[in-house]
Amino acid sequence: MDIKINKIPVEELKPKPAKDTQLGFGKIFTDYMFTMNYEEGKGWFDPAIRKYENIALSPSAIVLHYGQEVFEGMKGYLRADGKIGLFRPERNFRRFNNSAKRLCMPTVPIEDQKQALFELLKLERDWIPQSENATIYIRPNMIATDPELGVKPSGSYLYYIILSPSGAYFSRGFLPVTVFVPEKYIRAAIGGIGTAKTGGNYAASLLAGEEAKEKGCDQVLWLDAKERRYVEEVGSMNICFVINNRIVTSELDGAILEGVTRDSVIVLARHLGYEVEERHISIDEIIDGIKSGELAECFGCGTAAVISPVGKLMYKDEIYKVSDEPGPISIQLFKELTDIQWGRKEDTFGWTVIVD
Ligand SMILES: Cc1ncc(COP(=O)(O)O)c(C=O)c1O
């Protein structure tokens, strides 16, 4: 792919955040973005790195009406050795294409996704935070741009990548969060679009998220759509429980997102000697486990927070307390994973990819 780089005059470059700035999550964007267009019959064309700025879209663009879009989320780490590291990015590239297929969109060759991201990161190297635990958040996106109101797949698309220097995803850091288990709302049903990383899933989650906040909770823990009985995942994370020293996580049943962190936790935990079960786990089993003390830990896992301990669960207006403190297995997995991601520990799994 021959990427055209449209350089911005130096005086137009944005000031970079000072080292001690509280970056928040996804609030600041770098100077450049990668863009590429698609037309049916022509394929992908005009790959370019250009100024991060507003994009022009017809008010009738399909994405604005029917939500035909997919995206990804990953992080770039500026390691102590000065190298830019990525964590299992090929999984994100593959998932992006799987999401695209589900939404009737064209795929982007993995090699092209990789090249685009590498070129952009190299150019924006100075934007990658140097402070502990802050990273450059990477957001590839694809939107349907045909200006038509008929409900059908678009014939044209825009693929782009933007970068956002970001701090902790949750303002509470590693402190255990409280999750709300809604009875009224569901996120996705088997056969729907739950396995795809697409905006509609997140739009569908907002109302329950607001209800969670009203009830003093931080996140939503979703139950399955059919029986409202089996736990699926948290807002932007997969979910794990430690029951009788075994790690249990919901199986990939066709409604939840196949998390990169989830897979890494499974592989790592098994490597560390834990038994891991991927299976249906009912809310009743969880509550019984909390009551009997057999359920010792609960944590969400996802790119943004890596591991996020869950301290309490609210179900049917009752609060069930797991723990006020992060549990030992949550701490261990967080440390092992982040040590690999930051290059502090040898990566025997081959998960790290060095950009430059
Ligand atoms: C709905 C949902 N589930 C799970 C995850 C965790 O996936 P990953 O570990 O790949 O970030 C995410 C985050 O991308 C998500 O949005």
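The values are calculated or read from the model by the stated rules, or taken from the named source; none is laboratory data. What you see is a predicted model, and the numbers here were worked out from it, not measured in a lab. Cβ atoms come from the backbone with ideal geometry, glycine included; neighbour counts cover every protein chain shown.
Some observations on this one:
- Residues of region 71-100 classified as in contact with a strand residue (DSSP E or B) (Cβ under 7 Å, 6 or more places away or on another chain) and either free of Cβ contacts under 8 Å to residues at least 40 places away in the same chain or within 12 Å of the ligand (Cβ to nearest atom) (or both), total: 10
- Taken over region 41-92, residues that are aliphatic (A, V, I, L, M), in a helix (DSSP H, G or I) and under 22 Å from residue 26 (Cα atoms) amount to 2.
- The residues of region 250-280 that are more than 16 Å from the ligand (Cβ to nearest atom), in contact with a Ser or Thr (Cβ under 9 Å, 6 or more places away or on another chain) and either closer than 21 Å to residue 193 by Cα or assigned to a loop (DSSP other than H, G, I, E, B) (or both), listed by number, are 279, 280.
- Residue 84, sole failed condition from (1) surrounded by fewer than 19 Cβ atoms within 10 Å (Cβ to Cβ); (2) within 29 Å of residue 335 (Cα to Cα): (1)
- Filtered residue count, region 101-124, keeping only those that are buried (at least 23 other Cβ atoms within 10 Å of the Cβ), without any contact (Cβ under 8 Å) to a residue 60 or more places away in the chain and either hydrophobic (A, V, I, L, M, F, W, C) or more than 18 Å from residue 197 (Cα to Cα) (or both): 1
- Enumeration of residues in region 238-249 that are within 15 Å of the ligand (Cβ to nearest atom) and either touching a residue at least 60 places away in the same chain (Cβ under 8 Å) or surrounded by fewer than 22 Cβ atoms within 10 Å (Cβ to Cβ) (or both): 238, 239, 240
- Residue among 327, 235 that alone is among the small types (Gly, Ala, Ser), within 15 Å of the ligand (Cβ to nearest atom) and out of contact with any Leu (no Cβ under 6 Å at 6 or more places or on another chain): 235
- Any hit, region 7-17, residues being in contact (Cβ under 8 Å) with a residue 40 or more places away in the chain, crowded, with 17+ Cβ neighbours inside 10 Å and either under 19 Å from the mean Cα position of the chain (by Cα) or over 15 Å from residue 134 (Cβ atoms) (or both): no
- Residue satisfying condition, being farther than 30 Å from residue 23 by Cα and of a type in the set (Val, Ile, Thr), within set 143, 193: 193
- Region 55-70 residues that are under 27 Å from residue 93 (Cβ atoms), paired with ones that are among the aliphatic types (A, V, I, L, M) and part of a loop (DSSP other than H, G, I, E, B) (beta carbon under 7 Å, 6 or more apart): 64/57; 66/151; 68/103; 68/105; 70/103; 70/105; 70/196
- Pair list, Cβ under 9 Å, 6 or more apart: region 184-196 residue in the same structural domain as residue 141 (by TED's automatic domain parsing), other residue buried (at least 20 other Cβ atoms within 10 Å of the Cβ): none
- Just so you know, in region 316-356 the residues that are of a type in the set (Phe, Trp, Tyr) and not in a loop (DSSP other than H, G, I, E, B) include one that is nearest to residue 291 (Cα to Cα), and it is 320.
- Meets criteria (within 21 Å of residue 64 (Cβ to Cβ), surrounded by fewer than 21 Cβ atoms within 10 Å (Cβ to Cβ) and at pLDDT 95 or above) for residue 91: no
- Of all residues in region 198-220, at least one satisfies being at pLDDT 95 or above, within 12 Å of the ligand (Cβ to nearest atom), in a loop (DSSP other than H, G, I, E, B) and surrounded by 21 or more Cβ atoms within 10 Å (Cβ to Cβ).
- Qualifying residue in region 281-299 (condition: in contact with a Ser or Thr (Cβ under 7 Å, 6 or more places away or on another chain), within 13 Å of the ligand (Cβ to nearest atom) and in contact (Cβ under 8 Å) with a residue 60 or more places away in the chain): yes
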